[in-house]
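What follows is one structure encoded as structure tokens, with my remarks underneath.
The values are calculated or read from the model by the stated rules, or taken from the named source; none is laboratory data. Quick caveat, the model's predicted, so the values are computed rather than measured. Heads up, the Cβs are rebuilt from the backbone with ideal geometry, glycines too, and the neighbour counts pull from every protein chain shown. Note: areas computed on protein heavy atoms with side chains; ligands, DNA, RNA excluded. Shrake-Rupley method; radii C 1.70, N 1.55, O 1.52, S 1.80 Å.
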Amino acid sequence: MARPRIGNRAARRLFLDRHGLAAPPMGPSKGKDLLGVINGLGFVQVDSINTVARAHDMILFSRRPAYRPAQLKRLYEGDRALFEHWTHDAAMIPMAFFPHWHLRFARDAERLKRRWREWQGHRFDDQFEPVLRHIRDHGPVTSSDLGQGEKKGSTGWWDWHPSKTALEYLWRTGALSIVGRDGFRKRYDLTERVIDAALLADPARPDPEETVRWACGAALDRLGVATPGELAAFWALVTPAEAKAWCDASLAKGEIIEAEITCADGSLRRVFARPDLEAAASNLPPPPGRMRVLSPFDPALRDRARAARLFGFEYRIEVFVPAARRKYGYYVFPLLEGERIVGRIDMKALRDRDRLNVTALWPENGIRWNGARQARLEAELARVARFAGVSEVTFADGWLREPGAAG
């Protein structure tokens, strides 16, 4: 039987729908409603860069413009509806998913111990018991509360003092949990004082096979279509081999199907999907034409290769690229309009001057920056400025660049 084939426009709409970007950006942004948004995405990546707003806040704002950072803090630190851990990177994850992270804890335990001993050159595991005892006796700590007399002046993970390394290892392997942040510095406490006992009890712990089934199925539901490698990368809980085995078994049982999607360049890509793929893709209306500023770490763009295949959008974050070698800028935001990525914008909230300043905007190739598009941009920038806590939007001289022109 021939595989179903989905055109590029339908594939984009399905993908944006699964990432919460196909519906008009509106709706409540607190409590259970905000948790519902995060649950639909699966997680929200956490990042410290704050040129306009932090990544996790921009991700939520782009879907619910009424959102403000205090609402996530309340959901995380007050309601304990989220926990912080790793997917492909540090992320806020719905608490209901916590039992599946036991597989991550177990797999990281030996891997990290071996790697960190080799890379850091000290027996950081000697600090496990002192660190746990200190937290048990004195309550939550940050890394600066420990390590007196140890190496100071850290400039990165490779300079962590032994107690800091122990804290991170105990968090990554489940003995500690993060209860909040002071600024952006993590506060750690004993996991049994943070996570509900019902989620820690043995009956709640899935076996590895169950976690593989959950991770692959939940990833596919949030992506719409995917390869085994994309399923494995979504949560970073399972291996590509495990994801492929799940696809083979699920295909044999009729739980998923093979399909093809048309990429932006016209090529075809073989994927797996749920059996209702054609109906799901054909019934989606066009996304709203309103322009949205996306975080560089938005889940819809996290996989740069997939963004290039699906949207024809080549993107590289240049935070770690020397200024003289950047094609665009330090932290450039993609611009989504309908089902197309129409450009990228370099801007910064200058809070001491009460303004959001646009340095440059590069339309994508084939995009004409007309008056209507400019009006949509200015309306979105006014919303972003309010979100960033500034009252004015300004444009630098020569801010509008030629389509596709870098530098």
message = List pairs: first residue in the range 247-274 and more than 18 Å from residue 229 (Cα to Cα), second residue of a type in the set (D, E, K, R) and open to solvent by 70 Å² or more (accessible area, probe 1.4 Å) anywhere in the structure, Cβ distance under 9 angstrom, at least six positions apart or on different chains.
response = 262/5; 262/9
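Conditions tested, residue by residue: (1) free of Cβ contacts under 8 Å to residues at least 60 places away in the same chain; (2) farther than 27 Å from residue 280 by Cα.
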| position | (1), (2) |
| --- | --- |
| 206 | no, yes |
| 209 | yes, yes |
| 215 | no, no |
| 219 | no, no |
| 225 | no, no |
| 229 | yes, no |
| 232 | yes, no |
| 235 | no, no |
| 239 | yes, yes |
key: Pairs, first without any contact (Cβ under 8 Å) to a residue 12 or more places away in the chain in the range 362-382, second open to solvent by less than 30 Å² (accessible area, probe 1.4 Å) and not in a helix (DSSP H, G or I), C-beta under 9 Å, six or more apart   = 382/356
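Inspect all residues belonging to the range 70-77 and state whether any of them is more than 15 Å from the chain's Cα centre (by Cα), of a type in the set (Asp, Glu) and within 30 Å of residue 108 (Cα to Cα).
Narrowing the range 70-77 to residues more than 15 Å from the chain's Cα centre (by Cα): 70-71, 73-77.
Pick out the ones that are also of a type in the set (Asp, Glu) and you get 77.
Next, only the ones that are within 30 Å of residue 108 (Cα to Cα) stay: 77.
The answer is yes; a qualifying residue exists.
Go over the candidates 360, 382 one by one and state the one that is open to solvent by 10 Å² or more (accessible area, probe 1.4 Å), of a type in the set (A, V, I, L, M, F, W, C) and over 20 Å from the mean Cα position of the chain (by Cα). Before you say what the answer is, go through the steps one by one.
Working: 360 fails: open to solvent by 10 Å² or more (accessible area, probe 1.4 Å).
Unique residue meeting the criteria: 382.
In this structure, does residue 318 turn out to be part of a helix (DSSP H, G or I) and not small (Gly, Ala, Ser)?
On the way: part of a helix (DSSP H, G or I): no; not small (Gly, Ala, Ser): yes.
Here the answer is no, as residue 318 does not meet what is asked.
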ask   = Just checking, which of 84, 77 is in a helix (DSSP H, G or I) and among the acidic types (Asp, Glu)?
value = 77
key: All positions within the range 222-234 that are within 12 Å of residue 19 (Cβ to Cβ) and open to solvent by 20 Å² or more (accessible area, probe 1.4 Å)   = 222
message = One residue is enough: does the range 55-75 have a residue meeting the conditions over 30 Å from residue 359 (Cα atoms) and either among the β-branched types (Val, Ile, Thr) or crowded, with 21+ Cβ neighbours inside 10 Å (or both)?
response = yes
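Being in contact with a Gly (Cβ under 9 Å, 6 or more places away or on another chain), assigned to a loop (DSSP other than H, G, I, E, B) and not basic (Lys, Arg) is the requirement here; does residue 362 meet it?
no
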query = Has the range 68-77 got any residue that is within 14 Å of residue 178 (Cα to Cα), in contact (Cβ under 8 Å) with a residue 40 or more places away in the chain, among the aromatic types (Phe, Trp, Tyr) and touching a helix residue (DSSP H, G or I) at 6+ places or on another chain (Cβ under 8 Å)?
reply = no
query = What are the residues in the range 323-337 that are under 20 Å from residue 63 (Cβ atoms) and open to solvent by 10 Å² or more (accessible area, probe 1.4 Å), if any?
reply = 337
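State which residue is farthest from residue 215 (Cα to Cα) when the search covers only the range 19-42 and only residues that are out of contact with any strand residue (DSSP E or B) (no Cβ under 9 Å at 6 or more places or on another chain) and crowded, with 18+ Cβ neighbours inside 10 Å. Give the steps one after another, and end with the answer.
Taking the range 19-42 first, the residues out of contact with any strand residue (DSSP E or B) (no Cβ under 9 Å at 6 or more places or on another chain) are 19-20, 22-24, 26-34, 36, 40-41.
Imposing the further condition that a residue be crowded, with 18+ Cβ neighbours inside 10 Å reduces the set to 19-20, 22, 29, 34, 41.
Numbers: 19: 17, 20: 20, 22: 24, 29: 26, 34: 22, 41: 13 Å.
Going through the qualifying residues, I end up with 29.
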key: Count of residues meeting criterion [crowded, with 18+ Cβ neighbours inside 10 Å and among the aliphatic types (A, V, I, L, M)] in the range 285-322   = 7
